[in-house]
Structures are given as C-alpha cells and as structure tokens.
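Please read the structure below before turning to the comments.
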Amino acid sequence: MAHASLVRSGCASLAISLLAAACGGGGDDAEGRKVYTPPASATPGGTASPQATATAPDPGAVDGIGGARAALQAFLRGQAAGDAAVCRYVAVNEAFVNGPALKGDCTRGVENTPHVLRPQERQAMRTVVVTGGRLRDGDAVIPFTALHWTSGNMTVNTLQDTFILRRTKLAWQIVG
C-alpha cells in the first residue's frame, strides 16, 4: 500500500509541475519587460506579417477617448520598460515633460524610470490598462482611478492624480 501512495503523490507532483510550466510558472519575467504591441488579430485582416505590423496604425493616433487611452497606456507601459520611443506620446514644452518624473528631458526620464520605481510599481505599470476618462474642451482627462493593472501594485503617488492629453496631427500626447 505504501508503494501505491508514493506513486500517486509522485504523479500528482509531476502533473502540478507540468501545469505550472505550461501556465508560465517558469519564473522568467521576460514577458513583463515587453512593451505592449497589438496582437495580430487586432490588425486589419486578422493576420500580421512583419511588414503589416510595421505599417500598422499607431493606437494613440485614433480619434476620441479611445485613442487617448491607448496613448497613455502605451506610454506608461513603455516608461516602465525604459523605452524612450514612447516619448512620442509626450508633448514638448508642456507641464508633463517638465514635471518631476521627466524633469524636462523625456528620453532621459523614461530611460531612468525603471531604476527609480519599486519592483511592484514597475510591474503594475507594465500591465496597466486604461479604461476611463472623458473628453473636455478637446482634451482627454484621465484620472488615476481609470488605470487598472493585472499584477504589481502602485498608488496615485507613483504617478499623478490626473493625466491630460491633447490631440495633435499625429497622435494624442500627454500635456499635463
């Protein structure tokens, strides 16, 4: 009888290990460091070749509150990863770029962000989803309460209480 119980517990341990590995339980955090890119199914036609992905429209270029949400989400995820390419979502010479996070230099500020955030804050920013906000006099106003994340933790003190974005010819940009 002792032999059958050992076999069952060994099989159970093996099954749990396989399930954990299949569900991403391998402990590699490379996925969390990636900046959001739309999945292939989000592109017109449902399939994406490298050329189609490179020419896919910027989600922050969409008119309306949806475009503003996409721009803020892409910026925050990129900022957490230290990807200065997301500076395209920051308006030059506005209050946001001159604020405490970027200190007048978006590229340097974004690249430095992963080094000043706590690990839980960085993870929350990497997984942030922007769901709320409203349009007011042509600007998009998105409160911190409209930000949601799937892992990690952050407070309003991690970022700011409200983001203001303004539409340019190319995309929504954060001004305050």
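Each reported figure results from applying straightforward, stated rules to the coordinates on display, with no laboratory input. Bear in mind that the values here come from a model prediction, so they are computed numbers and not experimental data. Quick reminder, even Gly has a Cβ in these numbers, built from the backbone with ideal geometry, and neighbours come from all protein chains shown.
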Sole residue being small (Gly, Ala, Ser), in contact with a helix residue (DSSP H, G or I) (Cβ under 8 Å, 6 or more places away or on another chain) and surrounded by fewer than 18 Cβ atoms within 10 Å (Cβ to Cβ), chosen from 132, 152 | 132
Please note which strands (runs of 3 or more DSSP E) are completely contained in segment 84-176 and include at least 1 residues that are under 19 Å from the mean Cα position of the chain (by Cα) and in contact (Cβ under 8 Å) with a residue 60 or more places away in the chain.
-> 139-143, 162-167, 172-174
Extreme residue, nearest to residue 69 (Cα to Cα), among residues of segment 143-176 that are among the polar types (S, T, N, Q) and in contact with a Gly (Cβ under 9 Å, 6 or more places away or on another chain) | 173
